[in-house]
1. Which ranges mark the helices (runs of 4 or more DSSP H) fully within segment A:1-72 that have 1 or more residues being of a type in the set (S, T, N, Q), free of Cβ contacts under 8 Å to residues at least 60 places away in the same chain and surrounded by fewer than 20 Cβ atoms within 10 Å (Cβ to Cβ)?
2. Within segment A:123-144, can you find the residues that are among the aromatic types (F, W, Y) and either open to solvent by 10 Å² or more (accessible area, probe 1.4 Å) or free of Cβ contacts under 8 Å to residues at least 12 places away in the same chain (or both)?
3. Residues to consider are A:A5, A:A49, A:A105; find the one that is modelled with pLDDT of 95 or more and within 30 Å of B:L142 (Cα to Cα).
4. Please specify each residue of segment A:73-82 satisfying the condition of being open to solvent by less than 10 Å² (accessible area, probe 1.4 Å) and either under 30 Å from A:K11 (Cβ atoms) or not in a helix (DSSP H, G or I) (or both).
5. Would you mind stating whether A:V119 is touching a helix residue (DSSP H, G or I) at 6+ places or on another chain (Cβ under 7 Å), more than 8 Å from every other protein chain (Cβ to nearest Cβ) and under 21 Å from A:L218 (Cα atoms)?
6. Mind listing just one residue for me: the one in segment B:145-159 that is closer than 13 Å to A:D159 by Cα, open to solvent by 20 Å² or more (accessible area, probe 1.4 Å) and assigned to a loop (DSSP other than H, G, I, E, B) and, of those, farthest from the other protein chains (Cβ to nearest Cβ)?
7. Going through segment B:163-222 one residue at a time, which ones are over 12 Å from B:V234 (Cα atoms) and of a type in the set (A, V, I, L, M)?
Protein chains: 2
Amino acid sequence: MNKQALVEQIKKKQSYLCVGLDTDLTKIPTHLLKEEDPVFAFNKQIIDATAEYCVAYKPNIAFYEAMGPRGWDSLQKTLEYIPKEIFTIADAKRGDIGNTSKMYAQAFFEQMDFDSITVAPYMGEDSVTPFLEFENKWVILLALTSNKGSSDFQHLRVDSEGTALFERVITTSQSWGSTEQLMYVVGATQAQKLQEIRAIAPDHFLLVPGVGAQGGSLEEVSKYGMNKDCGLLVNSSRGIIYASAKEDFAEAAGKAAQTLQQEMAVYLGEIL
Amino acid sequence: MNKQALVEQIKKKQSYLCVGLDTDLTKIPTHLLKEEDPVFAFNKQIIDATAEYCVAYKPNIAFYEAMGPRGWDSLQKTLEYIPKEIFTIADAKRGDIGNTSKMYAQAFFEQMDFDSITVAPYMGEDSVTPFLEFENKWVILLALTSNKGSSDFQHLRVDSEGTALFERVITTSQSWGSTEQLMYVVGATQAQKLQEIRAIAPDHFLLVPGVGAQGGSLEEVSKYGMNKDCGLLVNSSRGIIYASAKEDFAEAAGKAAQTLQQEMAVYLGEIL
């Protein structure tokens, strides 16, 4: 999917919501466990209930990988079920030497047909560029993550001007790909940093996890992170898909997604 | 596998060779393509031919993931075929927020039964510690990698004493786990750095990729990297498994592995 199609969808749906499909067999309603593929049965109903309120789905690959080969089947079925106009993110955090990153790119962009993949920056340019060689496919590079451990290395000062490592990752990587193919992960739990990030990456889309279970504020993220195209995909996983643990889980997920969408429409009204 | 068992195996086999199973359908001998599972058929013969010369096998997970669900079947069969006394490394370079890293740990340590997994450090402590909660399982943390892009971020100076990021990764992470459960990846292409790394991590095992196709020298790696327990696992992938593209591929792989093992026996003779 190209940037224009993504922005058009945001305008049409008045939403920049990404629904995280972190589907865990131990957390889904127990009545689904009798289904042939409980994970897909769960995802299908979540997608049916939330598709009108979101512009992206982000399956967290770990949750599928933990189930072995049948997890990959559930993932493939889920991906095929997502409506074509909705942006898809393989939250995989891959990254390896060039010939290996190329294999990962084939896995997620050819074997499966994701629009984008999250990639870890530690190994540098040749670990990222193989993912950038596919038309209308995106790399979403980890910059500043939402977890506690983000303080271990991402905030280290890497020059005499006090540039943080995550800022260096953003400025260095901008030469690897355009704003039409490269986004950054910036955690909602560090919303005040979004303003600084917009100073060095005004035009990139940012994928923002951490609203909800991790404690980030949608209002702050939107205030500090939006640009003229919106430029944000704000993810919520557990707050939507586990809004209810009972048979009404899909209805509850739809309502949780709608609540976020309605708040987003207000913020979008100020810029679009 | 615990450290003692690994060291005993190194002494017994007079080897610290790790064979990288980067098995690629487009590179294996064409006569294998008629097999029901060509990847497993290839790996099986490679393992039969090299097991007496190596102490570890390292499947590169990307190569299996790129084949979809059947790739995971091939990986599982390969893992089960590896003799139990040989150390196994899932070269997966995973790492995510805590609840997600826990799922990856389950995938590689429970769903499959790998002895170890490579992990990327960028997201910090809580992205790594879930992998350290399994008895006799190891994290192999990326420190200084063998690729060109390692110069983009890993060598950045992160304090006024000139500490490099990769050195900070090593010193910070030592509080997360013991030398019985934590190793580091240090590329053979930067062998002279091994001496500096031994000054800050004298007792850890180091996994050293990059000998062979990537140009690293086994002699230099051994000279600068060995400690009193050997403390090295030196990986060769393409130089062994693709030593011949013909029907004699397994025999050629065995010979290539034996050549490295014989050189290793000389260096081990100097310390053990």
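The values are calculated or read from the model by the stated rules, or taken from the named source; none is laboratory data. Note that the structure is predicted; figures quoted are calculated from it, not measured. Counting neighbours? That spans all protein chains shown, and the Cβs are built from the backbone with ideal geometry, glycine included. With ligands, DNA and RNA removed, areas are computed over all heavy atoms of the protein, side chains included. Shrake-Rupley method; radii C 1.70, N 1.55, O 1.52, S 1.80 Å.
1. Details: elements: A:3-13, A:38-50, A:61-65.
Helices (runs of 4 or more DSSP H) meeting the threshold: A:3-13.
2. Scanning segment A:123-144 gives a single hit, A:F134.
3. Details: A:A5 fails: within 30 Å of B:L142 (Cα to Cα); A:A49 fails: within 30 Å of B:L142 (Cα to Cα).
Exactly one residue qualifies, and that residue is A:A105.
4. A:L75, A:T78, A:I82, listed by residue number.
5. no
6. B:H155
7. B:A164, B:L165, B:V169, B:I170, B:L182, B:M183, B:L194, B:I197, B:A199, B:I200, B:A201, B:A213
This table checks each residue for (1) assigned to a loop (DSSP other than H, G, I, E, B); (2) among the aromatic types (F, W, Y); (3) touching a strand residue (DSSP E or B) at 6+ places or on another chain (Cβ under 9 Å); (4) away from chain B (no Cβ under 11 Å).
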| position | (1), (2), (3), (4) |
| --- | --- |
| A:K84 | yes, no, no, yes |
| A:T88 | no, no, yes, yes |
| A:K93 | no, no, yes, no |
| A:T100 | no, no, yes, no |
| A:Q106 | no, no, no, no |
